[in-house]
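The values are calculated or read from the model by the stated rules, or taken from the named source; none is laboratory data. Since the model is a prediction, treat every value here as computed from it, not as a measurement. In this analysis, Cβ positions are derived from the backbone assuming ideal geometry, glycine residues included, and neighbour counts consider all displayed protein chains.
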Amino acid sequence: MHMTTQKQPQPLSSVATGTPTDEMAELLTRDGGLIVKNFLTQEQVNRFNAEIKPPLQALRPGSAHESDVVAAFHGSSTKRLTNLVTHSATFRNEILEHRLVHEICDRTFLPESGTYWMTTAQVIEIGPHSQAQMLHRDLENWFPFVGLGPSGPEVALNFLIALTDFTEENGATRVIPGSNHWRDFEDRGTPEQTIPAVMNAGDALLFSGKTAHGGGANRTSDEYRRAVAFALNPGFLTGEEAYPFLVDMELVRTLSPRVQRLLGFRSQYPTGSPGLWQVDYADLGDYLGL
């Protein structure tokens with residue numbers, strides 16, 4: 001009889017936003033992900049949705065990428081809105097300043113890797129009749145960490161906040177709990193091993209870069225499943241979005257120093273390094289007059 005890595009998918013834990021960070025970190029380490037209830041208030045969700053409505057409406061679904069594989073990964077009926085720092089005051093002033101984001105990231109990245117910055121932030125809207133996304137791990141952005149497997153450092157934490165309710169039918173993100181401990185990270189698992197992250201708008205799925213996951217199939221005829229996903233990675237790795245070329249300096253001056261660092265407008269200080277992303281061996285923030 002053929003044995004899969006996991007016979008019966010285990011559920012994801014759900015915790016309240018006020019749960020101690022240590023407890024959340026333990027669940028994240030154990031299962032590779034958890035759901036944080038009411039990460040945003042309904043008022044914040046409504047405001048954020050209103051701010052992104054014009055640019056999201058102007059965006060066509062699908063991918064302009066030349067690679068068929070990447071285009072399929074992005075989804076032909078899926079919209080991905082990037083440069084959210086520019087589009088949304090709620091995102092740059094409240095979500096990126098969220099207490100939990102920094103408590104979890106400080107606890108995860110600082111001891112092992114030092115500073116961290118943002119990989120990407122995107123609103124992902126999966127339209128009706130969309131196929132499931134291929135399963136993957138976020139650490140695949142940085143190939144050496146695939147080979148290091150579960151013993152490698154944590155190189156990505158992803159916060160996926162539901163901006164509409166997530167149901168199994170409308171494409172809730174699929175996760176394989178425990179896949180962060182599999183010995184072979186080239187094994188991305190199978191759809192049968194996944195479970196849906198069913199959430200209310202405002203809830204967040206927090207998961208490790210080691211955890212196999214993918215967007216679900218939207219089998220509805222009229223529902224749009226929307227979320228904002230933003231990931232963070234250590235300062236010694238390059239992110240996906242080149243924010244210093246996207247975000248206007250006048251806007252950057254209104255942001256806190258820690259958000260400026262998340263976006264690459266200040267230098268990075270990974271463990272053991274005198275500093276990266278510098279100007280004449282001085283902090284980039286000084287050069288920019290921040």
It is to be established whether one or more residues within region 188-207 are more than 18 Å from the chain's Cα centre (by Cα), among the aliphatic types (A, V, I, L, M) and in a loop (DSSP other than H, G, I, E, B). no
From the options 284, 246, 255, residue that is more than 16 Å from the chain's Cα centre (by Cα) and over 27 Å from residue 46 (Cα atoms): 284
Residue 241: over 26 Å from residue 99 (Cα atoms), not in a strand (DSSP E or B) and not basic (Lys, Arg), yes or no? no
Scan of region 167-215 for residues that are of a type in the set (D, E, K, R) and closer than 16 Å to residue 31 by Cα, ordered by number: 174, 183, 188, 210
Which residues, counting only those in region 7-27, are modelled with pLDDT of 95 or more, surrounded by 15 or more Cβ atoms within 10 Å (Cβ to Cβ) and within 13 Å of residue 204 (Cα to Cα)? 13, 14, 15, 17, 24
Within region 108-159, residues among the aromatic types (Phe, Trp, Tyr) and surrounded by fewer than 17 Cβ atoms within 10 Å (Cβ to Cβ) come out as 143
Residues located in region 108-136, provided they are over 30 Å from residue 268 (Cα atoms) and either in a loop (DSSP other than H, G, I, E, B) or among the acidic types (Asp, Glu) (or both): 125, 127, 128, 129, 131, 132, 133, 134, 135
Checked pairs for region 129-142, first within 19 Å of residue 170 (Cβ to Cβ), second among the polar types (S, T, N, Q) and surrounded by fewer than 20 Cβ atoms within 10 Å (Cβ to Cβ), C-beta under 6 Å and 6 or more apart or across chains, list as 130/77
Going residue by residue through region 255-270, is there one that turns out to be in a strand (DSSP E or B), in contact with a Ser or Thr (Cβ under 8 Å, 6 or more places away or on another chain) and crowded, with 20+ Cβ neighbours inside 10 Å? yes
